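Student: Before we start, here is the structure in question, set down as structure tokens.
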Amino acid sequence: MQQVFTLQELWQALAALPAPLGLVPTMGYLHLGHLSLVQRARQECASVAVSIFVNPTQFGANEDLSKYPRNLQRDLQMLKETGAHLVWTPSPEELYPAGYQTWVTVEEISRPLEGAMRPGHFRGVATVVAKLFNATRPARAYFGQKDAQQVAVLRQMTRDLSYPTEIIICPTLREADGLAMSSRNVYLTPAQRAAAPVLYRALQAAALAHQNGERRAEALREQVRAALRAEPQVRLQYVSCADYDTLQELETVQGKALLSLAAYAGETRLIDNFVLGD
Ligand code: PAF
């Protein structure tokens, strides 16, 4: 496995790799969820590149970029063991040189849910992923379903900007108690960690109600709220039951829908989702 830093080094390394290329964009502090993306890319692509870059432009003013967990040596070891061929670890200056002023804004689909709670977040995500795609020209790029709106935004961007890249969505990996794997879980205190699987249980309760025939979106949202009310360590920020493609809130669930939520355990913000009617 080769590690490269600059764009020049990246281009040189890519030229020597057989096509098709699979790209797994990450912000590091890898867990099994990331490694499952690398494994899937290994199955489907001749070469697998992973980017590790804590992208400053997707953090809001009140979100602490400097505290984002990092452990590059551990990440590199994990990627080597999982069979990645190339790891690109650009510096912030490489991707955002002095005087940088070009942005990718995906409009409607970025507005609700996470976009409403984290203004500017998806502009940062879309911009950096566009830059990663421009630099690597992957045949396929792999993302986790846990960040459901991110995937929707990036699918839209890929279509709109005519990238020849297929977006592959991989299932959310969960701990044994149902908590979705996330680099941010490391922030949880033992008491918060014990409480956090309530997000999964809440989604499960609503999914079961849907399976049993409940189609009123508000009743499904209420199932989630009720489950969260029973856990004082966790504070619900929003629950949404929206059309899977447009992310517009539903009154009645007819086809595929996205049931999603964000909640705080202390200062740590957690998100999770289930796809209904899949
Ligand atoms: O999901 C992430 O880790 C990031 O948002 C991404 C896609 C790597 C862009 O910085």
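The values are calculated or read from the model by the stated rules, or taken from the named source; none is laboratory data. In this text the structure is predicted, and so the values were computed from the model without any measurement. A quick note on method: Cβ atoms are made from the backbone with ideal geometry, for glycine too, and the neighbour counts reach across all protein chains shown. Just so you know, the surface numbers come from the protein's heavy atoms only, side chains and all, with ligands and any DNA or RNA stripped out. Shrake-Rupley method; radii C 1.70, N 1.55, O 1.52, S 1.80 Å.
Student: Return the distance in nm (one decimal) between the two label points of a simple spin-label model at Tyr100 and Asn71, each offset 7 Å from Cα along Cα→Cβ.
Tutor: Output for this residue pair reads 2.7 nm.
Student: If you don't mind, there's one more thing I want to ask. State which stretch of the chain is the longest one without any exposed trypsin sites (Lys or Arg not before Pro), exposure meaning a DSSP loop state and at most 15 other Cβ atoms within 10 Å.
Tutor: Counting at most 15 other Cβ atoms within 10 Å as exposed, the longest clean stretch of the chain is 71-255.
Student: Per residue, how large is the accessible surface of the chain? Use a 1.4 angstrom probe and give square angstrom.
Tutor: Here the residues of the chain average 47 Å² of exposed surface.
Student: Separate question: Keeping all protein chains in position, work out how much accessible area Phe274 exposes to a 1.4 Å probe, and write it in Å² to the nearest 10.
Tutor: 40
Student: Arg235 to His31: extension gain in nm, 0.36 nm per residue of separation minus the Cα-Cα distance?
Tutor: 70.9 nm
Student: Can you spot the lysines whose alpha carbon is less than 27 Å from Lys131's alpha carbon? Ignore those fewer than 8 places along the same chain.
Tutor: Partners found: Lys67, Lys80, Lys146.
Student: I've got another one for you. Out of the total accessible area of region 99-221 (probe 1.4 Å, heavy atoms of protein only), what percent is carbon and sulfur?
Tutor: After summing per-atom areas, the C and S share lands at 49 percent.
Student: Label point 7 Å out from Val186 along Cα-to-Cβ: which residues of region 1-40 have amide N under 19 Å?
Tutor: Zone members listed by number: 25-38.
Student: How much length is gained on full extension from Asp64 to Asp160, taking 0.36 nm per residue of separation minus their Cα-Cα distance?
Tutor: Full-extension gain reported as 31.4 nm.
Student: Let me ask you something else. Please identify, among Gly28, Gly178, Gly124, the residue showing maximal mean-square fluctuation in a Gaussian network model of the chain using a 10 angstrom Cα cutoff.
Tutor: Gly178
Student: If you find the alpha carbon centre of region 241-278 and of region 1-78, how far apart are they in angstrom?
Tutor: 27
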